[in-house]
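Some notes on the structure that comes next.
The values are calculated or read from the model by the stated rules, or taken from the named source; none is laboratory data. Just so we're clear, the structure is a prediction, and the values are computed from it rather than from any experiment. In this analysis, Cβ positions are derived from the backbone assuming ideal geometry, glycine residues included, and neighbour counts consider all displayed protein chains.
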Amino acid sequence: MATSLEKRKLGRTSIELTALGFGASSIGAEFGQFDLRESLASVRTAIDSGINFIDTAAYYGRGMSEVLLGQILPSYPRESLIISTKLGRYAPRHFDFSAKRVAESIDVSLERMRLDYIDMVFCHDIEYGDIQQVIDETLPALKRQVELGKVRYVGISGYPMKNFQRVIPTGLLDCVITYNHYTLQNDMALQWQPLAKEFGVGVINAAPFSARLLTDLPLPIWHKAPEHVRRIAAKASAWCKAQGTTIEKLALQFSVSNKNFSSCLVGSAIPTEVTQWISWIQEPLDPQLIQGVQEELKPIRNWYYVEGRPENNDLQWPDFIYENDSLIHHE
């Protein structure tokens, strides 16, 4: 049964997203092995429970996520769903932001998902590419896909904050996806959110659990958190349990509660987790619990890591990072 979930406008677009969106990286096995039937059921559970926003990427499962969504999406009225995908990243070390690949990627994604159009398409993890190429070639190529009616709105996604500050003022963007930067542990996305608002760019927050750092689950092998960060996060989780709650619940409630983000993306290949998340965000937020867990996480507040090309990462930001388990300050 569909739940009445809050909807929020996406920047200057005509789109309204549910406050909670479903991230389909999970059904592309990006976080490990999964049960096929359960993963498909997770998507159906999300949609049937009222979530209208499904996000995927050509990269997730190297196309598998889009293919699996193509088994589900045609059974729902197209206008009832907002579907986004990403292009430019196709394998861990394979990036192609050329205009030629943009056109090809859009057509392949449409075919895989059995759609006539895609609501939003994002340039994926642009920190691994030439940012100037993204501005001069990739985004204009995406705009041509809008003119052809294959795409409605265009954007970028990525980890480092400085790239949003560089690309948003170009006026080429309708929306962006930022991840791991508005959580209980890291709120760096707030530093450029006013810029996005000034240019009418909708901001979508992803990964409220910081790729499992703010959970009791084992971290994926590719997670970059050093041992000190993991210890502090585990201590914060234990504190939550002592208060009769879980760090997962507080993390999701906190990230979803900020209405300046049009939606919060989270994904799972387990239907019961999706149901649980929807239940959590309908409960009132406890400010004292939020304050308490953030106090536990304070030693690693705004910890971040290097991602992408050196010239595209955030080493010059006035916060700190850990390299080889050593704290490095940047003034």
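Could you tell me whether residue 250 is over 20 Å from residue 280 (Cα atoms), among the aliphatic types (A, V, I, L, M) and either outside any helix (DSSP H, G or I) or at pLDDT 95 or above (or both)?
No, not satisfied.
Would you mind telling me which numbered condition in (1) crowded, with 17+ Cβ neighbours inside 10 Å; (2) modelled with pLDDT under 95 residue 207 fails?
So the condition that residue 207 fails would be (2).
Does residue 278 meet the test of being modelled with pLDDT of 95 or more, touching a helix residue (DSSP H, G or I) at 6+ places or on another chain (Cβ under 7 Å) and assigned to a helix (DSSP H, G or I)?
No, not satisfied.
Cβ-Cβ below 7 Å, separation at least six or inter-chain, first residue in segment 239-264 and at negative phi and crowded, with 17+ Cβ neighbours inside 10 Å, second at pLDDT below 95 and among the charged types (D, E, K, R): which pairs?
none
Out of everything in segment 140-164 that is out of contact with any Asp or Glu (no Cβ under 7 Å at 6 or more places or on another chain) and part of a loop (DSSP other than H, G, I, E, B), what residue ends up being surrounded by the fewest Cβ atoms within 10 Å (Cβ to Cβ)?
149
Would it be correct to say that residue 135 is within 18 Å of residue 265 (Cα to Cα) and not in a loop (DSSP other than H, G, I, E, B)?
In short, no.
For segment 88-139: of the residues being in contact with an Asp or Glu (Cβ under 6 Å, 6 or more places away or on another chain) and among the charged types (D, E, K, R), which is nearest to residue 306 (Cα to Cα)?
127
From the list 41, 19, 46, 91, which residue is under 29 Å from residue 223 (Cα atoms) and free of Cβ contacts under 8 Å to residues at least 40 places away in the same chain?
91
In segment 165-192, what residues are closer than 19 Å to residue 208 by Cα and not in a loop (DSSP other than H, G, I, E, B)?
Once the filter is applied, which keeps residues that are closer than 19 Å to residue 208 by Cα and not in a loop (DSSP other than H, G, I, E, B), segment 165-192 yields 175, 176, 177, 178, 179, 188, 189, 190, 191.
So, in segment 36-71, how many residues would count as being surrounded by 24 or more Cβ atoms within 10 Å (Cβ to Cβ) and of a type in the set (Val, Ile, Thr)?
Qualifying residue count for the region: 4.
Residues checked against (1) more than 23 Å from residue 102 (Cα to Cα); (2) over 13 Å from the mean Cα position of the chain (by Cα); (3) without any contact (Cβ under 8 Å) to a residue 12 or more places away in the chain:
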position: 127; (1), (2), (3): no, yes, no
position: 145; (1), (2), (3): no, yes, no
position: 151; (1), (2), (3): no, yes, no
position: 157; (1), (2), (3): no, no, no
position: 167; (1), (2), (3): no, yes, no
position: 192; (1), (2), (3): yes, yes, no
position: 196; (1), (2), (3): yes, yes, no
position: 201; (1), (2), (3): no, yes, no
position: 205; (1), (2), (3): yes, no, no
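Can you work out which of the residues in segment 43-66 that are modelled with pLDDT under 95 and over 17 Å from the mean Cα position of the chain (by Cα) is farthest from residue 91 (Cα to Cα)?
That would be 64.
So if I check each of 134, 102, 154, which one is within 21 Å of residue 9 (Cα to Cα) and in contact with a helix residue (DSSP H, G or I) (Cβ under 6 Å, 6 or more places away or on another chain)?
154
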